[in-house]
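The values are calculated or read from the model by the stated rules, or taken from the named source; none is laboratory data. Nothing here was measured: the structure is a model prediction, and the numbers come from that model. Note that we place each Cβ from the backbone using ideal geometry, even for glycine, and neighbour counts take in every protein chain shown.
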Amino acid sequence: MIPPATIASHHLQAIDLYKQYPTPAEPLVVLRGVSLDLASGQSLAIVGPSGSGKSTLLNILGTLDHPTSGSVRLNDSDTSSLNANGLAHFRAQHIGFVFQDHHLLPQCTALENVLIARLAASRVGAADIARAQKLLNQVGLGHRLTHLPGELSGGERQRVAIARAMMNRPSLLLCDEPTGNLDAKTSRSIGELLISLTSDSLTMLIVVTHNLPLADRLPRKLRMDEGQLIEA
């Protein structure tokens, strides 16, 4: 457990987000005035049917997409004011992602895949290697540091992806169906791991999922309904 005095305070604020896409007939409105507020150590799940806008919202919160209107502030930075290079640097420093597909590089070992996150922010040093090894130990893969993704199970690959997402000590961890390709037992262990790691570091956690047992484990659950977030 990291002493509280060494952990920075985090804050996410999404204000009146709208997102629409042009179509030959009329614009397709996906988000309709979504607002969200999250502070250090808080976590929530977002549920709802496929196509309801959950992943679109996650991409906007993670600066991978832009809202049609509205704003996102993370740690007092307005992400809409950053150019493409600024956004990439900001994302590498402050945001971690875990997707349904682990997106590990097949030619790199578990340790190297975790260190890739550090390469996006700076050069890798001895302290970075030590942190990557510690994270892999925390996710139960200390004995698999030199294994390639093809030599790991699906659950192990997802654990490597979680360690990679936590490598840069993100303010915000965004997970899009992180247990979608896993069996029920492995899904439970991945859910417990996400909650444990982010709680210890006071990282903010948002999980988009169809896995209701996973959603129920988080202290707050929201539902995407007709482009709006409501309490589930």
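Data for the structure
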quantity: Any hit, the stretch 149-167, residues being buried (at least 19 other Cβ atoms within 10 Å of the Cβ), more than 20 Å from GLN107 (Cβ to Cβ), touching a residue at least 24 places away in the same chain (Cβ under 8 Å) and among the polar types (S, T, N, Q); calculated: no
quantity: Any hit, the stretch 91-103, residues being modelled with pLDDT of 95 or more, of a type in the set (A, V, I, L, M, F, W, C) and closer than 17 Å to GLU226 by Cα; calculated: no
quantity: Identity of the residue in the stretch 212-232, over 22 Å from GLN13 (Cα atoms) and touching a helix residue (DSSP H, G or I) at 6+ places or on another chain (Cβ under 6 Å), that ends up surrounded by the fewest Cβ atoms within 10 Å (Cβ to Cβ); calculated: ARG217
quantity: Residue count for the stretch 63-87, restricted to those that are in contact (Cβ under 8 Å) with a residue 60 or more places away in the chain and assigned to a loop (DSSP other than H, G, I, E, B); calculated: 2
quantity: PHE90 being within 16 Å of the chain's Cα centre (by Cα), within 30 Å of THR146 (Cβ to Cβ) and not β-branched (Val, Ile, Thr); calculated: no
quantity: When residues of the stretch 122-148 are limited to those that are among the hydrophobic types (A, V, I, L, M, F, W, C) and part of a loop (DSSP other than H, G, I, E, B), the one surrounded by the most Cβ atoms within 10 Å (Cβ to Cβ); calculated: VAL139
quantity: Test: residue in the stretch 96-111 that is surrounded by fewer than 14 Cβ atoms within 10 Å (Cβ to Cβ), assigned to a strand (DSSP E or B) and among the small types (Gly, Ala, Ser); calculated: no
